[in-house]
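Written out below as structure tokens is the structure these notes cover.
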Amino acid sequence: MIEVLAKLGRGPVFLAGEVLECVITFTNPLSAASTSASSEMLAWASAQIHCQFHASENRVALPPSDGSKPDVQAENETVFVPNRGERGQCILSTPPKILFCDLRLDPGESKSYSYCETLPVDGPPSFRGQSVKYVYKLTIGCQRVNSPIKLLRVPFRVLVLHGLKDYQFPQDEAVAPSNPFLEEEEGLKKDSRLADVATELLMVATSRRSLHLYNISNTRGKVGTFCIFKTVYKIGEDVIGTFSFSEGDIPCLQFSVSLQTEESIQEEFQRRRGQPVSFTVHARHQESCLHTAQSSFSLPIPLSSTPGFTTNIVSLKWRLHFEFVTSGESAGTCLVRGSQSEAVTWTGVEQMEVDTFSWDLPIKVLPTNPILASYVSQFSSTNSITI
């Protein structure tokens, strides 16, 4: 028996273009004092990154794929196919890397191997939508002699920041701060700079503020105004907006604001022409606002959500969806005289004619620092199997 443990060095979330590093440890768990202790042998082990694409048959019409390949690993198959048994299509994969050949482990002995690979910058982000899914995995395959291949899959999340792959690093790094007492590999140094550049680009893109004012009105007149200071955000930020109803001609009884994503399939891949898009609500604020002069809302963008993106099959966009309920008549109150003295009681009207209307405001949502997103990731940095 051999235990195989895979551990991602920095967490389960990465930016496309970064270097993924995983340490794979092979251990013979039996101690030398055990009566059944014996040396264990593995013929080989290899690792590879791949992205699986899965589409809903009811919503997406894909061209036929090659179904001649078997979907299970043959008993004595020696070819490493990391996506065997997986649903959907493998749309992206890195070259496989051999970790070792002919490994012998004595009782209680363990050996570790480091796997490093740059994540492709031209791939889609990780996404689990209503119509399509993009799932990234690191698969480690290992095999005993005359035994079937065993696969250890390590799922992780990929964020894509557009424009990052076009960034040109300066050739002269003499002015860059460095530690002369540490020896850094060139790949890791560039990976560190890539994360710093991504953080800087995101900071510049999401820190710009300018006042955006919108008049809210229906067919009968002005209801109020809406104010928002920016329309570009990172996942993890809060979308904050304010309303002013003091200058409105039509009383607003109630409003709601929803933070939504709009998932649409490209026309050539739609199962039915003109099929509706899919909406997902990530946060919602609802408030009664009769006789309210000003109000505000704050909607958090979940760190686990996917920033906006577009591929040849699907497009994901973010928006704020507003719904307003306005009075169709005077919003005054009724006076009802009491039975004693001259006291009066203020009561609200029992029935009122209302009008409803909605409005959509597109916003842009970008990725964030992958280390921050790792704190709420559903994936574990450590995975293991026993063979």
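The values are calculated or read from the model by the stated rules, or taken from the named source; none is laboratory data. Worth saying up front: this structure is predicted, and the values here are computed from it rather than measured. We place every Cβ from the backbone using ideal geometry, glycine too, and count neighbours over all the protein chains shown. Just so you know, the surface numbers come from the protein's heavy atoms only, side chains and all, with ligands and any DNA or RNA stripped out. Shrake-Rupley method; radii C 1.70, N 1.55, O 1.52, S 1.80 Å.
For residue 92, the residues 5 or more places off, or on other chains, whose built amide H falls under 5 Å of its own are 51. For residue 216, the amide hydrogen comes within under 5 Å of the amide hydrogens of 223, 224, 225, 226, counting only partners 5 or more places away or on other chains and with H modelled in the peptide plane. The trypsin sites (Lys or Arg not before Pro) of segment 75-136 meeting both criteria, a DSSP state outside H, G, I, E and B (loop) and at most 12 other C-beta atoms within 10 angstrom of the site's C-beta, are 87. Whole-Hz Karplus values for segment 294-299 come out as 9, 8, 8, 8, 9, 10 Hz, taken residue by residue from phi with 6.51 cos²θ - 1.76 cosθ + 1.60 and θ = phi - 60°; glycine and proline positions read x.
Taking every protein chain into account, the 1.4 Å probe leaves residue 207 with about 70 Å² of accessible area, to the nearest ten.
Ordered from highest to lowest accessible area with the whole protein assembly present and a 1.4 Å probe, 272, 144, 208, 319 read as 208, 272, 144, 319.
Reported to the nearest whole Å, the Cα centre-to-centre distance from segment 280-319 to segment 110-161 is 31. In the assembled protein chains, residue 3 presents an accessible area of approximately 80 Å² (probe radius 1.4 Å).
Here's how it looks for residue 99: its modeled amide H is under 5 Å from those of 45, 46, 47, which are all 5 or more places away or on a different chain.
The fraction of accessible area contributed by carbon and sulfur in segment 245-287 is 40 percent, rounded to a whole number (1.4 Å probe; ligands and nucleic acids excluded). Remark: accessible surface ordering of 44, 359 (largest first) is 359, 44, probe radius 1.4 Å. The figure for residue 162 is an accessible area of roughly 130 square angstrom, using a 1.4 Å probe on the protein chains alone. Residues in segment 20-28 carry Karplus couplings, in order, of 8, 10, 9, 9, 10, 10, 10, 10, 9 Hz; the curve used is 6.51 cos²θ - 1.76 cosθ + 1.60 with θ = phi - 60°, and Gly or Pro positions show x. Average accessible surface for segment 93-169: 48 Å² per residue, computed with a 1.4 Å probe over protein heavy atoms with every protein chain in place. In order along segment 354-364, the Karplus-derived 3J(HN,Hα) couplings, from 6.51 cos²θ - 1.76 cosθ + 1.60 at θ = phi - 60°, round to 10, 10, 10, 7, 10, 7, 10, 10, x, 10, 10 Hz, and Gly and Pro are given as x.
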